[in-house]
1. Mind checking the per residue accessible area of the chain for me, 1.4 Å probe, whole number of Å²?
2. Give me a comma-separated list of calculated 3J(HN,Hα) values for segment 81-93, in order, Karplus coefficients 6.51, -1.76, 1.60 applied at θ = phi - 60°, integers in Hz, x for any Gly or Pro.
3. At R0 = 35 Å, how high is the FRET efficiency between A476 and R505 if r is their beta carbon distance? Nearest 0.05 is fine.
4. What value, in deg cm²/dmol to 500, does the helix sum -39500 (n - 2.57) over DSSP H runs of n ≥ 4 give at 222 nm once divided by the residues of the chain?
5. Peptides 399-406, 83-90: what's the order by average Cβ count within 10 Å, highest mean first?
6. Quote the charge dipole size of segment 390-479 about the Cα centre in Debye, to the nearest 20; the model charges only the Cβ of Lys and Arg (+1) and of Asp and Glu (-1).
7. What's the local net charge at P385, with K and R +1, D and E -1, over the other residues with C-beta under 12 Å away?
8. In the chain, what % of DSSP beta bridges are antiparallel (nearest 5)?
Amino acid sequence: MLQALAAIGWAAATDSFGSTSDARAQRLYIPGNAGYLGRLAPRGTALTLTAGASAAHGQGALRVAARHGGRQYSNPTLVLQQGERARITLVNALDEPTIVHWHGLAVDTRNDGNGSILVAPGERFDYDFPVRNRGGMYWYHPHPHGRTAAQTYGGLFGVLMVEDDDERALRSALDLAVGITEIPLVLQDRRPGTAYAPSAADMIHGFLGEEMRVNGTRQPYVDVATRLYRFRILNACNARTLSLAFRTTSGASFPFTLIGNDGGLLASPVPCTQAFLATAERIDVLLDLRDAVIGDTLRLETLAFDPMHAEGVTATAATAPATASTAAPATTGTAVDHAAMGHAMPAATATTAPHNDAASWPEGAPRALLDLRVRSRVAYRRQVPQSLSTVSTTDPTNASERAFRLGFAKGRWRINDRVFEMGVTPIEVARGAAETWLIRNYHSSMPHAMHLHGFQFTVLARETSPEAIAALAVDAQGRLATDLGRKDTVLVWPGESVRIGIDFRHPYPDAQTYMFHCHNLEHEDGGMMLGVSVG
Ligand code: C2O
Ligand code: CU
Ligand code: CU
């Protein structure tokens, strides 16, 4: 297996993990039809993915190998058509258990890969499911509880693109060519030369890398022409939140158009200048370079922002968000220690530098991520369609509400005072129910990227948002542009309450179980996750 992985032949552009700092920019690696992140469309045929170690990529590096149509891939971008049957065998060539989760896909428990079924070293597991999702950018990553962060950071993840009619219509309306003018950007921060070894502080704040890789490339640039480009962006960092924006080299903001996110295309395009992208979230953006001048460089950056990790707050400062303080706690069914909730992080982590392992790039510090060098002039006259897709929403009128509180107690991040227990489902939902979930984060907390398996949801409102977030609202419900459309992961800032609407309809004969968790992978592995049973 190791030989097969080594034989895949990494493009030089995908850059080894052990390289040291080098000021020279490298050409962005853009996935093709083979190799690293290469697009692989099984079109109903059976496919085998092999998870294994890849010594060529440094200590602890892991890869997903595949062979299809005479081509070899690693971490293939799976291209699936809506309605197609996916038949995928996972072979575990690691020396520890694993399982692959299809993040964002509406599948049954058996195919969800949520960690309730594990594949032992040397064993295999067969997935078989119909693709029920809308067109959009989804992804896959390992989900063995307690080892999700290590295996994902190691590199066992890839993109999963679902295509449908709206997707095809958009491409033809805008004359987009995949790999040329439609470019995926897979962002992962790394600590070069080291295997995953989180400190105690990392386990509380999340594991932050010191430098960003874009499709595996450090400090990348890409040459572009004077036309419209589409970027489909995945935040595959374990824990880092990004505040994405395009700027000219003189620092002026350069607007873009948001056309999609986690669950596919928005109903209509939304002009933007900035978008927060938390771990596991995706955005789909158009950049109009028609008026750019040859020789210009535009830069995709993450802007400076207050990470709101609330270090140093005292336990007494911890309170529930004001509007939510009278709401009943969720029916978790067990007696819990409410008084212990909302405590500040332990003094040891609050007073020592919390990010000392990634001191060169603390959370919220700005960074250039990708240079777009305008190099050629072309004629381009297409207009962005004002209607992109039909987006269903959850009608909250008759929905029952469930409340969740995110807080830190007794050394761990918790949901409703609880930590995860395999096989236990504190959240019991009736089949077909429409529910609203009010996710409340304490003031003395940090942002949490809350993710639900199995169902896309609608973000209905943000309440008591921190000022910096409220300032970005695009509607009276306090929502951000990135909250529109369908979502599977939503970032909840300290002191904030986010209300989401979910339709728990599913076509499976029996009750199914899923996970609801923070996608900061250190928080997830630490137990910030609850089982969900849907009747
Ligand atoms: Cu992307 Cu349960 O995860
Ligand atoms: Cu998921
Ligand atoms: Cu979290």
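1. Here the residues of the chain average 36 Å² of exposed surface.
2. With coefficients 6.51, -1.76 and 1.60, one gets 8, 4, x, 5, 8, 9, 10, 10, 9, 9, 9, 9, 9 Hz.
3. 0.80
4. -2000 deg cm²/dmol
5. Order by mean packing, descending: 399-406, 83-90.
6. Roughly 340 debye for segment 390-479.
7. +1
8. Bridges in the chain that DSSP calls antiparallel: roughly 70 percent.
The values are calculated or read from the model by the stated rules, or taken from the named source; none is laboratory data. From a predicted model like this one, the values you see are computed outputs, not experimental measurements. With ideal geometry, Cβ positions are generated from the backbone for all residues, glycine too; neighbour counts draw on all protein chains shown. The protein model used for the area step is the full one, side chains on, heavy atoms only, and it has no ligands, DNA or RNA in it. Shrake-Rupley method; radii C 1.70, N 1.55, O 1.52, S 1.80 Å.
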